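The values are calculated or read from the model by the stated rules, or taken from the named source; none is laboratory data. For clarity, every value in this text was computed on a predicted model and none was experimentally measured. All Cβ positions, even for glycine, are placed from backbone atoms using ideal geometry, and neighbour counts span all protein chains on display. What goes into the accessible areas is simple: the full protein's heavy atoms, side chains included, and nothing from ligands, DNA or RNA. Shrake-Rupley method; radii C 1.70, N 1.55, O 1.52, S 1.80 Å.
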Amino acid sequence: MLKKRVIPVLTTNGFGLVKTKQFQNPRMLGNPIQTAKVFNNRDVDELIFLDIYATRDNRAVNLINAQRVIDECFMPVGIGGGIKSLKQIEDLLKIGADKVIISTAFLKDIDFVKKAIDVFGSQCITIALDVIKRDKEYLHINDFSRNLSQLVDLANSIQVGEIILTSVNFEGEMKGLDCDLYGNILPKIKCPVIVHGGAGKPEDFTKVPNQEFISGYAGSSIYAYTQYTPNDVKLRLKDSGSNIRVTE
């Protein structure tokens, strides 16, 4: 059985680290290269590096910064932000990214995502689903025309390699993860799923239902604003019965 991963998330404005709350009001945090080095020394399982303004600004991920982050890491790194061409994916893989993370293009150009999977393999393609609850229904924050179940069916149909499922309502709040969201949708997803959004302490991750469907636990604020480390999260998950790799 594959071990579940504990994954810090670094979000950037293209240069420095920023942290949002419900995807709003970004707060500057510091240097992504130095932060990646810290996480590498703490032996995390994986790192996610997202340029959260690349799509809005109609630009590609800053390859120089991405390369510097990757150079500090001996763990797998997934990188996303504004990805909408095969050339961008190729560029990121060439500098050492293990996965590329696609969000907006999944909503707007599914043929591109299908081709990316055909060319690079599903193991390289992760889809980020950033969902918000409106009128008792979960919708993508950038596309209210389809609900989450429809988007999951679409992801299943093209056999994406992985999904990062983020609750926008809970993101940055540090009050626990959206158990209603994950309880309803996780059994319907046919690929590995990373849950993200809301953790403020290690036990928050253990309270998510349907743990058997989770392949990774992603967090940001918990590491930026508390004393907890990824290993603290691993130890708590292991104590709860999760199949976690813990550094002795």
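Structure data summary
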item: Of all accessible heavy-atom area on the range 145-229, the percent that carbon and sulfur account for (1.4 Å); result: 47 percent
item: Positive-pole candidate from Ile101, Phe205, Val119, dipole of the range 95-205, charges at beta carbon; result: Val119
item: Fraction of accessible area attributable to carbon and sulfur, the range 1-137 (%, probe 1.4 Å); result: 50 percent
item: Under 12 Å, Cβ to Cβ, from Leu93 - net charge with Lys/Arg +1 and Asp/Glu -1; result: 0
item: Unit charges on C-beta of K, R, D, E only; dipole of the range 1-65, Debye; result: 200 debye
item: Electrostatic dipole magnitude of the range 45-98 [Cβ: Lys, Arg +1; Asp, Glu -1; Cα centre; debye, to 20]; result: 340 debye
item: Unit charges on C-beta of K, R, D, E only; dipole of the range 43-164, Debye; result: 460 debye
item: Shape category assigned to the range 72-157 from the gyration tensor of Cα positions, a/c cut at 1.5; result: prolate
item: Per residue, in Å², the accessible surface of the range 100-184 once ligands and nucleic acids are set aside, probe 1.4 Å; result: 44 Å²
item: Part-to-part distance (alpha-carbon centres) for the range 35-79 and the range 99-152, which is given in Å; result: 20 Å
item: Helical mean residue ellipticity (222 nm; -39500 (n - 2.57) per DSSP H run of 4+; nearest 500) of the chain; result: -9000 deg cm²/dmol
item: Extension reserve of the Phe74-Asp232 stretch, reckoned as 0.36 nm per residue once the Cα distance is removed; result: 54.9 nm
item: Modelled FRET efficiency - R0 35 Å, Glu212 with Thr20, Cβ distances, 0.05 increments; result: 0.70
item: Linear extension gain, Lys175 paired with Lys188, 0.36 nm per residue minus alpha-carbon span; result: 2.1 nm
item: Of Lys84/Lys234; Lys3/Lys136; Lys99/Lys234, pairs whose Cα-Cα distance is over 27 Å; result: Lys84/Lys234; Lys3/Lys136
item: Where a label projected 7 Å from the Cα of Ser149 along Cα→Cβ would reach, residues of the range 184-206 with amide N under 14 Å; result: 184-189
item: 13 Å beta-carbon shell around Gly30, net charge (K/R +1, D/E -1); result: +3
item: Charge tally in the Cβ shell below 11 Å around Ile127, where Lys, Arg are +1 and Asp, Glu are -1, Ile127 excluded; result: -1
item: Amide H contacts under 5 Å for Leu17, placed H, 5+ residues apart; result: Leu29, Gly30, Asn31
item: Mean separation of Cα contacts under 8 Å (6+ apart) over length of the range 95-228, as relative contact order %; result: 19 percent
